[in-house]
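**Student:** Next up is a structure, given as structure tokens.
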Amino acid sequence: MAPLGQPKNMNLDANVLLHDPQSLFAFQDNHVKLSLEVIEEIDHFKRENTERGRASREIARILDGLRSQGRLNKGIPLPNGGTLQVVIPPANGETPLLPGLTNGSVDNHLLALTAQLQHAHPEMPSILVTKDINLRIKADSLGLCAQDYKTDHIHTEDLFSGTFEMTVTKAELTAFHANRTMRLDATGARYPNEYCTVVNEANPKQTLLARVDESGTSLVPILETSGGVVGIKPLNREQRFALDALLSDHINLVTLEGKGGTGKTLLAIAAGLQQVVRDRNYRRLLVARPIIPMGKDMGFLPGNVKEKLDPWMQPVYDALEYVTDSNQDKDLTVEQLERTEQLVIQALSLIRGRSLPSQYFVVDEAQNITPLEAKTIITRAGHNTKIVLTGDPSQIDTPYLDFMSNGFNYVVTQAKGYKKAAHIQLASVERGDLAEWGAENL
């Protein structure tokens with residue numbers, strides 16, 4: 001292990017820069033190395049109208065701006081005390097240092113460059129920084145040091161459930177019911193908008209559901225939603241907590257966590273329709289999902305934008321149809337809502353650059369976004385806009401994100417304590433007996 005504070009050579013993979021273009025400045029006083037092949041790989045994405053394309057263009061602008069500090073191939077100082085150098089990798093994957101590498105792939109060239117740095121500078125550690133798990137395994141098998149980019153990782157101890165229980169006397173519970181407020185003197189301050197089950201110590205079956213107020217010092221009752229919204233009724237305690245957060249005027253950022261079948265998307269869409277169509281509190285319901293292609297990218301599919309999006313957006317349409325079918329209003333149809341622009345369904349990549357005033361904005365499958373994308377989404381919020389992120393951090397489909405680095409968990413952790421944010425974990429699968437059995441046993 002390197003002595004504390006000893007500078008290191010940090011050889012960056014392209015996926016680190018595409019994940020966070022500002023990562024160039026995140027390595028303190030260490031020596032950042034960029035292979036020329038990494039720059040070429042990033043350049044391939046610069047014309048894409050995606051987050052990856054945007055990141056590629058931002059990286060190019062950063063590197064171009066740094067050229068004023070000197071020649072990149074000679075090494076230039078960085079503001080944090082480290083240096084940046086663009087290096088030319090070995091001519092091919094096979095080197096005397098790593099004779100087993102015969103494939104001239106970029107990954108193998110990165111491994112060879114790491115070995116070259118390690119051999120040329122034995123006095124300091126040389127580390128390959130990559131979000132590619134298999135590449136880290138490959139590096140380790142070759143005796144090279146490799147690590148993930150962890151600057152935007154959350155810590156396990158920072159994970160937040162958003163709910164708690166509190167036991168009180170019968171008299172205290174009666175007083176809370178009558179006064180509609182209860183001080184939290186006994187337990188100390190909590191986070192604003194944490195949800196609480198207040199339990200009668202003499203009769204645990206007697207409870208009240210409450211929310212911590214914006215000051216974090218008192219409990220107030222949640223909204224009465226047992227009758228449901230637009231035909232959708234809450235089926236358990238957590239769903240009632242979720243509807244309170246989704247319908248409360250003072251909460252403008254909601255994160256709903258739960259595995260498939262817990263109702264997170266259905267509740268978000270139902271509450272959005274209630275707020276847009278019934279209460280007229282927002283101009284439209286905007287629903288977006290990140291597109292994670294399993295085959296050809298969207299641009300290669302036939303048809304117009306809507307026809308290309310439909311296969312990825314089908315889970316959203318399924319939820320919408322369930323809501324509208326559950327409602328007695330025959331005018332509340334997906335087609336009618338889209339025609340009047342009260343409902344807009346888009347790919348998340350089309351949101352960047354827009355300003356979104358007076359929208360009820362639901363981002364589904366938010367575990368598949370990066371922390372940088374999460375920031376991009378939330379900073380789009382205009383006046384009177386509410387953002388709802390739904391996600392299951394145990395089901396991540398993108399190759400360079402994990403439980404600790406995805407944007408959903410990042411927002412949950414960072415928003416803890418923000419007086420206009422709420423987080424609820426939905427645990428019970430309500431889709432049906434078979435779905436619940438499958439979630440628990442398969």
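**Student:** Just to check your reading of the model, which residue among ARG180, ARG240 is touching a strand residue (DSSP E or B) at 6+ places or on another chain (Cβ under 9 Å), more than 18 Å from VAL412 (Cβ to Cβ) and outside the structural domain of TYR360 (by TED's automatic domain parsing)?
**Tutor:** Every option except ARG180 fails the conditions.
**Student:** For residues that are part of a loop (DSSP other than H, G, I, E, B) and of a type in the set (D, E, K, R), scanning just region 178-187, find the one that is surrounded by the fewest Cβ atoms within 10 Å (Cβ to Cβ).
**Tutor:** Looking at the filtered set, the residue picked out is ASP185.
**Student:** Would you mention how many residues in region 414-442 are of a type in the set (S, T, N, Q) and more than 18 Å from the chain's Cα centre (by Cα)?
**Tutor:** Residues in region 414-442 being of a type in the set (S, T, N, Q) and more than 18 Å from the chain's Cα centre (by Cα): 2 in total.
**Student:** Could you list, in sequence order, the residues of region 15-38 that are part of a helix (DSSP H, G or I), of a type outside the set (S, T, N, Q) and farther than 17 Å from ASP132 by Cβ?
**Tutor:** PRO21, LEU24, PHE25, LEU36
**Student:** How many of the residues making up region 59-86 are part of a helix (DSSP H, G or I) and within 34 Å of the chain's Cα centre (by Cα)?
**Tutor:** Qualifying residue count, region 59-86: 9.
**Student:** Shifting gears a bit: In the list PHE361, PHE408, which residue meets the criterion of being in a helix (DSSP H, G or I) and under 22 Å from GLY272 (Cβ atoms)?
**Tutor:** Just one listed residue meets the conditions, PHE408.
**Student:** Looking at region 214-229, can you tell me whether even one residue there is farther than 28 Å from GLY382 by Cα, touching a strand residue (DSSP E or B) at 6+ places or on another chain (Cβ under 7 Å), in the same structural domain as LYS420 (by TED's automatic domain parsing) and modelled with pLDDT under 95?
**Tutor:** So far as region 214-229 goes, no, none of its residues is farther than 28 Å from GLY382 by Cα, touching a strand residue (DSSP E or B) at 6+ places or on another chain (Cβ under 7 Å), in the same structural domain as LYS420 (by TED's automatic domain parsing) and modelled with pLDDT under 95.
**Student:** Also, I was wondering about something else. Scan region 411-442 residue by residue and report those that are in contact (Cβ under 8 Å) with a residue 12 or more places away in the chain, more than 22 Å from ILE369 (Cα to Cα), outside any loop (DSSP other than H, G, I, E, B) and among the hydrophobic types (A, V, I, L, M, F, W, C).
**Tutor:** ALA435, ALA439
**Student:** Enumerate the strands (runs of 3 or more DSSP E) found wholly within region 188-297, keeping only those where 3 or more residues are aliphatic (A, V, I, L, M) and over 27 Å from PHE403 (Cβ atoms).
**Tutor:** 203-212
**Student:** Does ASP152 fit the bill of being free of Cβ contacts under 8 Å to residues at least 24 places away in the same chain, more than 30 Å from LEU337 (Cβ to Cβ) and not in a strand (DSSP E or B)?
**Tutor:** No, not satisfied.
**Student:** Follow-up. For the subset of region 367-392 comprising residues that are in a helix (DSSP H, G or I) and touching a Lys or Arg at 6+ places or on another chain (Cβ under 9 Å), which member is nearest to THR262 (Cα to Cα)?
**Tutor:** So, considering only residues that are in a helix (DSSP H, G or I) and touching a Lys or Arg at 6+ places or on another chain (Cβ under 9 Å), the one nearest to THR262 (Cα to Cα) is ASN368.
**Student:** State all residues of region 108-135 that are under 27 Å from the mean Cα position of the chain (by Cα) and surrounded by fewer than 19 Cβ atoms within 10 Å (Cβ to Cβ); if no residue qualifies, say none.
**Tutor:** Those that are under 27 Å from the mean Cα position of the chain (by Cα) and surrounded by fewer than 19 Cβ atoms within 10 Å (Cβ to Cβ): ILE133, ASN134.
**Student:** Tally up the residues in region 197-224 that are hydroxyl-bearing (Ser, Thr, Tyr) and over 24 Å from LYS416 (Cβ atoms), please.
**Tutor:** Going through region 197-224 one residue at a time, the tally reaches 1.
**Student:** Continuing with the same structure: Among the residues of region 395-416, is there at least one that is in contact with a strand residue (DSSP E or B) (Cβ under 8 Å, 6 or more places away or on another chain), more than 19 Å from GLU194 (Cβ to Cβ), of a type in the set (D, E, K, R) and not assigned by TED's automatic domain parsing to the domain that holds SER23?
**Tutor:** no
**Student:** Out of the residues in region 136-186 that are of a type in the set (S, T, N, Q) and over 31 Å from the mean Cα position of the chain (by Cα), state the one that is nearest to LEU97 (Cα to Cα).
**Tutor:** For region 136-186, the residue satisfying everything is SER141.
**Student:** Continuing with the same structure: Surrounded by 16 or more Cβ atoms within 10 Å (Cβ to Cβ), of a type in the set (S, T, N, Q) and either modelled with pLDDT under 90 or under 24 Å from MET313 (Cβ atoms) (or both): which single residue out of THR390, THR379 fits that description?
**Tutor:** Every option except THR390 fails the conditions.
**Student:** Looking only at region 105-164, which residues are of a type in the set (A, V, I, L, M) and touching a Gly at 6+ places or on another chain (Cβ under 7 Å)?
**Tutor:** ALA112
The values are calculated or read from the model by the stated rules, or taken from the named source; none is laboratory data. Quick caveat, the model's predicted, so the values are computed rather than measured. When we count neighbours, we look across all protein chains shown, and the Cβ atoms used for this are built from the backbone with ideal geometry, even at glycine.
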